[in-house]
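Some notes on the structure that comes next.
The values are calculated or read from the model by the stated rules, or taken from the named source; none is laboratory data. None of the values given here were measured: they were computed from a predicted structure. Cβ atoms come from the backbone with ideal geometry, glycine included; neighbour counts cover every protein chain shown. For the accessible areas, the whole protein counts, side chains as well, though only heavy atoms, and no ligand, DNA or RNA atoms are used. Shrake-Rupley method; radii C 1.70, N 1.55, O 1.52, S 1.80 Å.
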Amino acid sequence: MVYKGINTSSAVAKPIKDDDDDSYVDYFYDDPGAPPGTLDLEADALPPEIVLIDYCETAATRTKLANPQEAAAYLDTASVSWVDMLGLGNQETWRHMGEVFHLHLMAQEDVVNVPQRPKVVDYENHLLIIAWMVMIKPNSDNFHKEQVSLLLGKHYLLTVQEEPDYDCFGHVRDRIRKGQGMIRKHGADYLAYTLLDSIIDGFFPVLEMYGERIEELEDEVVVNPTRKTLEKIYKIRRELLTLRRAIWPQRDAINVLIRDSSDLISPEVRIYLRDCYDHTVQVMDMVETYRELSSGLMDVYLSSVGNKMNEIMKLLTVISSIFIPLTFVAGVYGMNFNTEKSPLNMPELNWYFGYPLCWAVMLAIASGLVYFFWRRGWFENFSTIKEEGRKVTIDRVQ
């Protein structure tokens, strides 16, 4: 078996440049009046990297192509040819791609003008599959998303990736190189299913990350809700909405592949696509569950903030209730009455122990109120909050 220069490191995501652009939540739309088949490409865009993996049951080769014309000799052979295009490229590249693969202008437009809604379009000699791929960003609590386009022919599969830095197809390349599994015993349609299955399975690590983040937020919302907590909840809700927009139409697209009567997909592969469809349904259920949990966190946050405010007001009320009678006593003895004019004008001002007696009465009133509030259980909530906070902290450390 000959397999030249395979790069197995692509299974690991490489660092990418982080950005705060939220435009990915919208799909691409043409300018009003633009003719059909218009390609929205940068004028100074670099040519893409094109990698050809040609394999059969007994052998597999990997070749880096200098231009699209070199792929023409592999398209009508008995072996399966996977042409992987890393990057969208420029106008010149797509002019040659259209000539070599006989691509319809509308298919080229859907591939190049990203992002498109995940879908399946059946053309005369090829099948276009648009999918969204998500992967966890390195050293981050967010995910990267990009469009992956699959153009399925009779003996070939052309994949176009929006970002050339990384993908989730590394294990598929390894299986082709090592001859593991059934991938080298089937045609290009099975390869398309394998890549779609990898894309769908890539959602699960991302959702697992969000499950952990939601669990952490649940503790934070109950113990110490702050303005930062509200921002975290809002951010998670937006990101989960993006995942929902990615997986919902993807589920419908796979359903079309199962039910469509295209000759490019064999009945055996349709059975495997059913399993892929089940995975999309599972992802959808997880996304909806996490969205409901994040919405519930917003209600819990508002309740926790309200309870926290009630506890503060309760504490202030207790303090005020203790000092109100003391203020009354101090106010009474602060009045200026002349005791020489009448024996009824505050005679206790002339008592020898009048001042200590006043303090004793005030302390007795304060102590009595504290004892009364304690018996009523007004101080229990304060200590419970502290204990719960310590308990959560200890649990997280363990």
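Just the accessible area per residue of region 88-140, please: how many Å² with a 1.4 Å probe?
Working: 2140 Å² over 53 residues.
About 40 Å² of surface per residue is accessible.
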For the chain, set up a GNM with springs between Cα atoms under 10 Å and report which of Leu41, Leu88, Leu150 has the largest fluctuation.
Leu41
Nearest-ten-degree value, helix 380-397 long axis tilted from longest Cα axis of the chain
30 degrees
Hey, what do the phi angles of region 74-82 turn into as Karplus ³J(HN,Hα) couplings, whole Hz, using 6.51/-1.76/1.60 and θ = phi - 60°, x for Gly and Pro?
9, 6, 10, 8, 6, 7, 9, 10, 9
Principal axis extents for the chain, Cα atoms only, whole Å, descending order, please.
124, 48, 38
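If you average the sequence gap of Cα pairs under 8 Å that are 6 or more apart and divide by the length of the chain, what percent do you get for the contact order? It would help to have the intermediate numbers written out before the result.
On the way: 510 pairs, mean separation 57.2, N = 398.
It rounds to 14 percent for the chain.
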Inter-site label distance for Ala45 and Met106 at 7 Å from Cα along Cβ, in nm
2.1 nm
Heavy atoms only, 1.4 Å probe, whole protein assembly: order His279, His102 by accessible area, highest first.
His102, His279
Which residue, Pro138, Pro356, Pro267, has the most motion in a Gaussian network model of the chain that connects Cα atoms within less than 10 Å?
Pro356
Taking protein heavy atoms only, a 1.4 Å probe, and rounding to whole percent, the accessible area of the chain owed to carbon and sulfur comes out at 55 percent
If you build a Gaussian network model of the chain, linking Cα atoms that sit under 10 Å apart, which residue out of Tyr355, Tyr301, Tyr193 swings the most?
Tyr355
What's the center-to-center distance, using Cα atoms, between region 201-222 and region 127-192 in Å?
26 Å
Where the Cα pairs of region 114-177 fall when distances are cut into 10 Å bins, in %
18, 44, 31, 6, 1
Name the residues whose placed amide hydrogens come within less than 5 Å of the amide hydrogen of Gly179, ignoring near sequence neighbours (fewer than 5 apart) on the same chain.
none
To the nearest 20 debye, what is the magnitude of the charge dipole of the chain about its Cα centre, counting +1 on the Cβ of each Lys and Arg and -1 on the Cβ of each Asp and Glu?
1660 debye
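Note down the magnitude of the dipole of region 71-183 about its Cα centre, charges +1 on Lys and Arg C-beta and -1 on Asp and Glu C-beta and zero elsewhere, to the nearest 20 debye.
Values: 10 positive and 15 negative charges, 82 e Å.
Charge dipole of region 71-183: 400 debye, to the nearest 20.
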Please tell me which of these pairs span more than 19 angstrom C-alpha to C-alpha: Lys228/Lys314; Lys154/Lys185; Lys235/Lys308?
Lys228/Lys314; Lys235/Lys308
Going residue by residue through region 47-61, the Karplus relation 6.51 cos²θ - 1.76 cosθ + 1.60 with θ = phi - 60° gives ³J(HN,Hα) values, rounded to whole Hz and with x marking Gly or Pro, of x, x, 8, 10, 10, 10, 10, 10, 8, 9, 5, 10, 8, 8, 10
Hey, quick one: spin label on Ala330, modelled 7 Å out along Cα-Cβ, who in region 348-373 has an amide N within reach, i.e. under 18 Å?
355-370
Read phi for every residue in region 244-259 and hand back ³J(HN,Hα) as whole Hz from Karplus 6.51 cos²θ - 1.76 cosθ + 1.60, θ = phi - 60°, with x for Gly and Pro.
5, 5, 7, 8, 4, x, 5, 4, 5, 5, 5, 4, 5, 4, 6, 8
